[in-house]
Amino acid sequence: MNNTSQFFPLVRHSGTQELALAVAQRIAQLAAQSIGARGAFRLALAGGATPRLCYQALRELPVDWAHVHIYFGDERCLPQGDAQRNDSMAQETLLSYVPIARANIHCIPAELGARAAAQAYAALLKNLPPLDLVLLGMGEDGHTASLFPGNPANELSEVVVPVFDAPKPPSERVSLSMGTLRAARQRLFLVAGSGKRDALAQINQGVQLPALQVGAAEWHIESAAMPQDF
Ligand code: 6PG
């Protein structure tokens with residue numbers, strides 16, 4: 001039974017380059033729509049490795065960067081400038097190449113430690129309209145942002161949550177909460193690699209993994225990650 005109702009809309013991509021370019025073009029399209037409608041595009045970037053190619057493609061596309069505000073779905077509690085931080089990856093692949101004001105790049109101050117950083121970032125977000133688009137990756141266990149299966153952080157009602165004991169190093173992180181991810185106008189997943197197949201299959205069966213719990217999303221999945229029965 002080819003039931004992919006959990007993944008609607010679902011876009012299948014032949015490889016990682018095609019996935020990256022297609023999502024970059026989709027982001028540019030959503031940016032133009034958002035700026036046209038509301039005068040700004042508030043975009044939360046995903047971390048991890050999958051978005052790298054997408055960000056490299058996005059920097060080449062026509063985007064009205066003067067009206068874009070960048071946020072982050074999560075951050076690892078590492079020193080500022082650490083190469084393993086999600087904001088470092090975004091700077092390296094995208095933000096240092098585009099004409100965006102530094103003041104419009106809103107990094108999570110994860111160097112302060114999870115609790116202080118979550119409070120500071122929540123204070124920033126709570127006076128803002130909902131994010132227009134949240135880009136999300138998915139881990140092999142079905143986590144997204146830094147919301148991991150069974151972690152108490154998933155149940156917290158704050159806008160931004162501290163995460164401890166994350167199984168993906170570093171164990172201390174900061175994440176937009178489940179509620180904040182759900183409140184965004186749109187969510188878009190980028191998923192690649194055969195290691196993600198099992199989590200996608202579980203989600204397809206309705207298993208309540210965090211990547212499913214964030215709510216309706218546009219799923220862009222590379223063929224290697226597709227479970228057999230999709
Ligand atoms: C992180 C990310 C995390 C990531 C997934 C997928 O800090 O690592 O926020 O949620 O998106 O783990 O990572 P890959 O794209 O590297 O597979």
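At a glance:
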| quantity | calculated |
| --- | --- |
| Residue in the range 43-57 that is outside any strand (DSSP E or B), of a type outside the set (Phe, Trp, Tyr) and more than 16 Å from the ligand (Cβ to nearest atom) present | no |
| Of all residues making up the range 145-165, the number that are part of a loop (DSSP other than H, G, I, E, B) and surrounded by fewer than 21 Cβ atoms within 10 Å (Cβ to Cβ) | 9 |
| Single match in LYS196, LYS168 (criterion: basic (Lys, Arg) and surrounded by fewer than 18 Cβ atoms within 10 Å (Cβ to Cβ)) | LYS168 |
| Residue satisfying all of: in the range 124-136; within 14 Å of the ligand (Cβ to nearest atom) and not β-branched (Val, Ile, Thr); nearest to ILE70 (Cα to Cα) among these | LEU135 |
| Residue satisfying all of: in the range 10-40; out of contact with any Leu (no Cβ under 7 Å at 6 or more places or on another chain), modelled with pLDDT of 95 or more and not in a helix (DSSP H, G or I); nearest to CYS54 (Cα to Cα) among these | GLY15 |
| Verdict on GLY142 being over 30 Å from ARG38 (Cα atoms) and crowded, with 21+ Cβ neighbours inside 10 Å | yes |
| Flag for ALA199 being of a type in the set (A, V, I, L, M) and either within 17 Å of GLU75 (Cα to Cα) or within 16 Å of the ligand (Cβ to nearest atom) (or both) | yes |
| The lone exception for GLY215 - which of (1) part of a strand (DSSP E or B); (2) over 14 Å from GLU140 (Cα atoms) it fails | (1) |
| Residue in the range 137-155 that is more than 16 Å from the ligand (Cβ to nearest atom) and over 25 Å from LEU190 (Cβ atoms) present | yes |
| Tally of residues being assigned to a helix (DSSP H, G or I) and either under 14 Å from the mean Cα position of the chain (by Cα) or β-branched (Val, Ile, Thr) (or both) across the range 67-113 | 5 |
| The range 1-23 residues that are more than 20 Å from LEU212 (Cβ to Cβ), paired with ones that are modelled with pLDDT of 95 or more and loosely packed, with under 11 Cβ neighbours inside 10 Å (beta carbon under 8 Å, 6 or more apart) | none |
| Where ARG185 falls short, out of the listed (1) within 11 Å of the ligand (Cβ to nearest atom); (2) under 20 Å from PRO9 (Cβ atoms); (3) among the basic types (Lys, Arg) | (1) |
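The values are calculated or read from the model by the stated rules, or taken from the named source; none is laboratory data. All values derive from a computational prediction rather than experimental measurement. Every residue, glycine among them, receives a Cβ derived from its backbone with ideal geometry; neighbour counts consider all protein chains shown.
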